[in-house]
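Participant: Sharing a structure below in structure tokens format, with a few things to ask.
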Amino acid sequence: MADHQEATVTLPSDPGSVSEARRYVARVLADWGLADDDTADTIRLIVSELATNAVQHTFGQSPTFTVDLRLDRDVEFVLGVTDSHPRLPQRLPAAVRQDNGRGMVIIRALAKEYGGRLGVSPTPDGGKTVSIALPWPAPAQA
């Protein structure tokens, strides 16, 4: 298995693309030999949350979103979702009670649990990339 691997897919900003992004990531993880553990489940959950945000919170102003995966064995796994909408994710106050809007809270908590980090960076075309980076191999979860 190579020490450095990358994979990318661009999908339409459509609700059906969220499940396609999750399936794509699952296939890539399987191809890389990383499909059958808690970390892979966590990565699939994170891509679902990030893809959902890219579809729901770009208000039709980003016709597509891109999922990028990078694995540097014995160093780091990075998953990023890029869209062309300039609005950055908003952190909700803890006191806000609503049924949605907790995706970034979930992602941040999962990244922290695995010793990783969440990042948001602007793209040259005015959009943004929301990414998680996890140390690899990921620490075993109880």
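Participant: Restricting attention to segment 103-128, and to residues there that are basic (Lys, Arg) and farther than 14 Å from Val47 by Cα, which single residue is surrounded by the fewest Cβ atoms within 10 Å (Cβ to Cβ)?
Facilitator: Within segment 103-128, the subset basic (Lys, Arg) is 108, 112, 117, 128.
Subset that is farther than 14 Å from Val47 by Cα: 112, 117, 128.
Details: Lys112: 11, Arg117: 15, Lys128: 23.
Filtering segment 103-128 for residues that are basic (Lys, Arg) and farther than 14 Å from Val47 by Cα, the one surrounded by the fewest Cβ atoms within 10 Å (Cβ to Cβ) comes out as Lys112.
Participant: Looking at (1) surrounded by fewer than 19 Cβ atoms within 10 Å (Cβ to Cβ); (2) in a loop (DSSP other than H, G, I, E, B), which is the only condition Arg27 fails?
Facilitator: Among (1) surrounded by fewer than 19 Cβ atoms within 10 Å (Cβ to Cβ); (2) in a loop (DSSP other than H, G, I, E, B), Arg27 violates only (2).
Participant: Checking Ser17 against (1) part of a helix (DSSP H, G or I); (2) open to solvent by 40 Å² or more (accessible area, probe 1.4 Å), which single condition isn't satisfied?
Facilitator: Ser17 satisfies all of (1) part of a helix (DSSP H, G or I); (2) open to solvent by 40 Å² or more (accessible area, probe 1.4 Å) except (2).
Participant: Right, next: Tell me whether segment 68-78 contains one or more residues that are buried (at least 20 other Cβ atoms within 10 Å of the Cβ) and farther than 18 Å from Lys128 by Cβ. So that I can check it myself, show each step before the final result.
Facilitator: Going through segment 68-78, the residues buried (at least 20 other Cβ atoms within 10 Å of the Cβ) turn out to be 69, 71, 77.
Next, only the ones that are farther than 18 Å from Lys128 by Cβ stay: 71, 77.
Yes; the residues of segment 68-78 include at least one that is buried (at least 20 other Cβ atoms within 10 Å of the Cβ) and farther than 18 Å from Lys128 by Cβ.
Participant: Related question: Which residue out of Asp14, Asp31, Asp72 is farther than 23 Å from Ser121 by Cβ and touching a residue at least 40 places away in the same chain (Cβ under 8 Å)? Break it down into steps so the answer makes sense when it comes.
Facilitator: Details: Asp31 fails: touching a residue at least 40 places away in the same chain (Cβ under 8 Å); Asp72 fails: farther than 23 Å from Ser121 by Cβ.
Matching residue, one of Asp14, Asp31, Asp72: Asp14.
Participant: Quick check on this structure: which one of Ser84, Ser48 is over 9 Å from the mean Cα position of the chain (by Cα), open to solvent by less than 70 Å² (accessible area, probe 1.4 Å) and in contact (Cβ under 8 Å) with a residue 24 or more places away in the chain?
Facilitator: On the way: Ser48 fails: over 9 Å from the mean Cα position of the chain (by Cα).
Sole residue among the options that is over 9 Å from the mean Cα position of the chain (by Cα), open to solvent by less than 70 Å² (accessible area, probe 1.4 Å) and in contact (Cβ under 8 Å) with a residue 24 or more places away in the chain: Ser84.
Participant: Please go through segment 42-79 and pick out each residue that is over 16 Å from Tyr114 (Cβ atoms), out of contact with any strand residue (DSSP E or B) (no Cβ under 8 Å at 6 or more places or on another chain) and either modelled with pLDDT of 95 or more or part of a helix (DSSP H, G or I) (or both).
Facilitator: Ser48, Thr52, Gln56
The values are calculated or read from the model by the stated rules, or taken from the named source; none is laboratory data. As the structure is a prediction and not an experimental result, all values here were calculated from the model. For neighbour counting, all protein chains shown are included, and Cβ atoms are generated from backbone atoms with ideal geometry for every residue, glycine included. Ligands, DNA and RNA are stripped out before the accessible areas are found, and what is left, the full protein with its side chains, is counted by its heavy atoms. Shrake-Rupley method; radii C 1.70, N 1.55, O 1.52, S 1.80 Å.
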